[in-house]
Amino acid sequence: MFGFILPNLESLEEAEQKRYRAVYCGVCRSIKNRYGQLPRVTISFDMTFLTLVLGSLYEPKEISGAKRCPVHPTTPQTFSMSEYSDYAADLSVAFAYHKLLDDWQDDRMIRSRAAAFALSGAYRKAKKRIPHACDCIEATMRDIQNMEYEIKHSSNQSDIPFDAPANCFGMLLGELFAYKNDFWATDLRRFGARLGKFVYVMDAAMDLEEDLRTGSYNPFKYMEHDTQALRDNLEYLAASMTDAFERLPLERDMQVMRSVLYAGVWQRFEAKEKKDHDG
């Protein structure tokens, strides 16, 4: 995905930091168990957060332990795994595969095509395990590409709302959060959709300068895009996102998840703001 859904570790107690790392390592270990060593590179903060949310809502049985891995060959790392670690592992592979294909379509970089080929076997396995999710990802990536192209080349910018791709990605994330399609599905879809739109727009804000230079699609090209306007738009979306989050009946790992939504998602943007300010 976009790499914004990460925790603000400085705001967490040591035990909470350890808990986050254990869930992160659990997703990584699930990827290894289900797909082998190579696909472990698809591990992300985004899918770790999804694991935390679903785990807090449904409180599944967890398997915990400590083992070494290629990244930490000498010191055993604590991990915590559940059925949602496995779901996150499947989604990690699916998102990484389609991101590589998207990069190949955009930039024609041989390494992206080669990496997608290397993941193709793992993706076929993921599609058998989560066919609906993979179908949604495929359809959404295709729709977003088409929307971005039409907006960029349309003579009448009102034909398609400039934020339609962001809404489309939000709907995808909402569908993926509604893992069980049960009583909580509506609330999970609402939160996932608002989170997805926020991270899509955040990514656009981060890429604006380059997109203006290259002529690539960016929703902020069609509105005011000074620094304050960017922050105002993002703060509005963040408020909507956190409101949906707080409506969920979550208890476990709340401080960890709040560190992500109230501080972590802003870290890269604020670092860029500081860099631009300092010159």
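Things to note:
- Selection count, the range 5-21, where residues are assigned to a helix (DSSP H, G or I), out of contact with any Leu (no Cβ under 7 Å at 6 or more places or on another chain) and surrounded by fewer than 19 Cβ atoms within 10 Å (Cβ to Cβ): 8
- Of the candidates Ala263, Ala229, the single residue that is surrounded by fewer than 20 Cβ atoms within 10 Å (Cβ to Cβ) and either farther than 28 Å from Lys152 by Cα or β-branched (Val, Ile, Thr) (or both) is Ala263.
- Single match in Asp211, Asp207 (criterion: farther than 21 Å from Phe45 by Cβ, assigned to a helix (DSSP H, G or I) and of a type in the set (Asp, Glu)): Asp211
- Qualifying residues in the range 28-46 (those that are hydroxyl-bearing (Ser, Thr, Tyr) and without any contact (Cβ under 8 Å) to a residue 60 or more places away in the chain) - the one nearest to Ile63 (Cα to Cα): Ser30
- Residue in the range 43-53 that is in a helix (DSSP H, G or I) and among the charged types (D, E, K, R) present: yes
Here is a yes/no grid of residues against (1) of a type in the set (A, V, I, L, M, F, W, C); (2) at pLDDT 90 or above; (3) part of a loop (DSSP other than H, G, I, E, B):
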{"residue": "Met141", "(1), (2), (3)": "yes, yes, no"}
{"residue": "Gln145", "(1), (2), (3)": "no, no, no"}
{"residue": "Met171", "(1), (2), (3)": "yes, yes, no"}
{"residue": "Leu176", "(1), (2), (3)": "yes, yes, no"}
{"residue": "Tyr179", "(1), (2), (3)": "no, yes, yes"}
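- Hits in the range 84-107 (condition: of a type in the set (S, T, N, Q) and over 13 Å from the mean Cα position of the chain (by Cα)): Ser85, Gln105
- Selection within the range 177-206 - more than 20 Å from Gln267 (Cα to Cα) and of a type in the set (Asp, Glu): Asp182, Asp187
- Of all residues making up the range 207-224, the number that are touching a Leu at 6+ places or on another chain (Cβ under 6 Å) and farther than 19 Å from Ala271 by Cβ: 1
- Residue match in the range 67-79 (condition: out of contact with any Asp or Glu (no Cβ under 8 Å at 6 or more places or on another chain) and in contact (Cβ under 8 Å) with a residue 60 or more places away in the chain): yes
- Cross-chain or 6+ apart pairs with Cβ under 8 Å, the range 230-246 first and free of Cβ contacts under 8 Å to residues at least 60 places away in the same chain, then assigned to a helix (DSSP H, G or I) and polar (S, T, N, Q): none
- So Arg29, is it basic (Lys, Arg) and buried (at least 20 other Cβ atoms within 10 Å of the Cβ): yes
The values are calculated or read from the model by the stated rules, or taken from the named source; none is laboratory data. Keep in mind that this is a model prediction, so the values were computed, not measured. Positions of Cβ are generated from backbone atoms using ideal geometry, with glycine treated the same way; all protein chains shown enter the neighbour counts.
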